[in-house]
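Undergrad: Would you mind keeping the following structure in view while I ask a few things?
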Ligand SMILES: C[S@@+](CC[C@H](N)C(=O)[O-])C[C@H]1O[C@@H](n2cnc3c(N)ncnc32)[C@H](O)[C@@H]1O
């Protein structure tokens with residue numbers, strides 16, 4: 001083989017390998033996003049690094065996070081930074097679910113979502129609320145399963161555009177609608193929904209009563225609301241430095257103003273007027289570990305990390321993407337430790353009912 005043939009062969013193999021690495025290996029499970037399309041959401045690409053630094057500055061001033069009015073903006077920044085990476089590396093549903101033997105991650109995710117709508121006992125054609133809907137993975141599974149009209153709300157404008165595009169592509173836009181807004185002051189009339197659910201979203205509310213009372217307001221009397229809450233469990237010990245480190249790690253890597261104890265949830269629900277129908281930690285055995293997907297995803301994480309570094313270096317991904325990816329990588333470790341030690345659950349389920357109006361005599 002002469003030198004020219006050798007150079008051409010090596011170049012072709014190199015180009016083919018790069019194409020495979022970027023487009024085939026590095027694509028999302030559901031092809032929701034490709035690595036070459038990673039962005040900073042609604043943040044202009046030249047400001048991604050700055051916004052990432054700004055996000056971390058919140059944790060250097062914990063008092064700022066305690067100010068409830070600052071939290072939605074801080075959560076919005078977080079979702080601008082992570083939405084594309086979540087879609088690319090995880091899929092269109094931004095939540096966990098117990099592993100189910102013989103089922104893929106996608107199937108287990110869908111079963112977990114369908115269970116939420118089955119619990120609220122709604123009929124086809126009724127209108128239900130998805131409080132904190134992300135890019136709408138759960139919304140589409142729930143609309144297709146129940147035949148309900150689902151209205152999602154998210155604080156993040158970029159997620160609204162992603163969710164709408166996915167709804168259209170899935171042929172479910174006649175059942176699914178998405179609005180940009182704050183679930184602490186929703187742009188909906190009183191008593192206009194036949195049911196509501198929230199999946200791993202209300203943990204972002206500085207005060208749980210603020211979001212629960214809004215959901216209570218928009219529900220029709222007699223209807224049901226189910227939430228999968230992120231909580232510390234009965235095994236969490238505030239005096240154990242390792243426990244504290246894990247919980248702080250989860251809060252920082254997931255834009256949480258402060259994780260709540262499992263024991264506070266029902267109390268808050270009752271305080272805003274709900275009757276508590278059922279409460280159960282869906283992560284408890286015999287449920288299989290929800291964090292196994294994170295553990296098994298470590299190799300994929302490293303592959304993706306190399307890819308993100310290459311893309312940022314050659315200017316395809318915005319500057320700051322590597323930092324965001326690394327933050328999520330570290331957070332995955334804290335989440336896994338939270339799951340393994342049993343001190344944290346992302347699926348403490350609470351089913352609540354808005355009481356019927358008293359009959360007028
Ligand atoms: C972890 S994601 C879960 C998304 C979705 N439930 C899912 O499982 O795919 C949390 C969601 O809550 C939304 N969120 C957080 N705080 C919010 C607020 N104050 N108002 C509206 N949405 C909010 C975020 O924008 C994000 O869409």
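Just so you know, all these numbers are worked out from the coordinates, no wet-lab data involved. This is a predicted model, so every value here is computed, not measured. Here Cβ is always computed from backbone atoms with ideal geometry, including for glycine, and neighbour counts include all displayed protein chains.
Undergrad: Want the number for residue 69 to residue 118: 0.36 nm per residue separation, take away the alpha-carbon distance, what's left?
TA: 14.2 nm
Undergrad: By its C-alpha gyration tensor, with a ≥ b ≥ c as the square roots of the eigenvalues, how is the stretch 83-175 shaped: rounded for a/c under 1.5, else prolate for a/b larger than b/c, else oblate?
TA: oblate
Undergrad: Please work out the C-alpha center-to-center distance from the stretch 313-351 to the stretch 226-274 and express it in whole Å.
TA: Here the two parts' Cα centres lie 16 Å apart.
Undergrad: Of the listed peptides 245-252, 269-276, 282-289, what is their order by residue-averaged count of other C-beta atoms within 10 Å, with the highest listed first?
TA: Sorting 245-252, 269-276, 282-289 by mean packing, highest first, produces 245-252, 269-276, 282-289.
Undergrad: I would also like to ask the following. Return the calculated 222 nm mean residue ellipticity for the chain, to the nearest 500 deg cm²/dmol, obtained by summing -39500 (n - 2.57) across DSSP H runs with n ≥ 4 and dividing by the residue count.
TA: After summing the helix terms and dividing by the residues of the chain, the value is -14500 deg cm²/dmol.
Undergrad: Angle between the Cα long axis of helix 298-313 and the longest principal axis of the chain, 0 to 90 degrees, nearest 10?
TA: 60
Undergrad: Compute the relative contact order of the chain as a whole-number percentage, counting only Cα pairs closer than 8 Å that sit 6 or more residues apart in sequence.
TA: After rounding, I find 20 percent.
Undergrad: Next up: With a 10 Å radius around each residue's Cβ, average the other Cβ atoms per peptide and rank 75-88, 156-169, highest first.
TA: 75-88, 156-169
Undergrad: Cα axis of helix 208-218 to longest principal axis of the chain: angle in degrees, 0 to 90, nearest 10?
TA: Around 70 degrees separate the two axes.
Undergrad: Please figure out what share of the DSSP beta bridges in the stretch 50-361 is antiparallel and state it in percent, rounded to the nearest 5.
TA: 40
Undergrad: A follow-up question, please. Suppose the chain between residue 54 and residue 278 were pulled fully straight at 0.36 nm per residue; how much longer would it get relative to their current alpha carbon spacing?
TA: Extending this stretch completely gives an extra 76.6 nm.
Undergrad: Tell me the angle of helix 241-253 to the major Cα principal axis of the chain, expressed in degrees between 0 and 90 and rounded to the nearest ten.
TA: 80
Undergrad: Moving on. What Kirkwood Rh does the chain have if only Cα atoms enter the pairwise 1/r average? Answer in Å.
TA: Mean inverse Cα-Cα distance, inverted, gives 21.4 Å.
Undergrad: What order, most packed first, do the peptides 145-152, 302-309 have when packing is the mean number of other Cβ atoms within 10 Å of each residue?
TA: For the peptides 145-152, 302-309, the packing ranking is 145-152, 302-309.
Undergrad: Can you pull the one-decimal nm distance between simple spin-label points at residue 288 and residue 7, each 7 Å off the Cα toward Cβ?
TA: Placing both labels 7 Å beyond Cα along the Cβ direction yields 5.3 nm.
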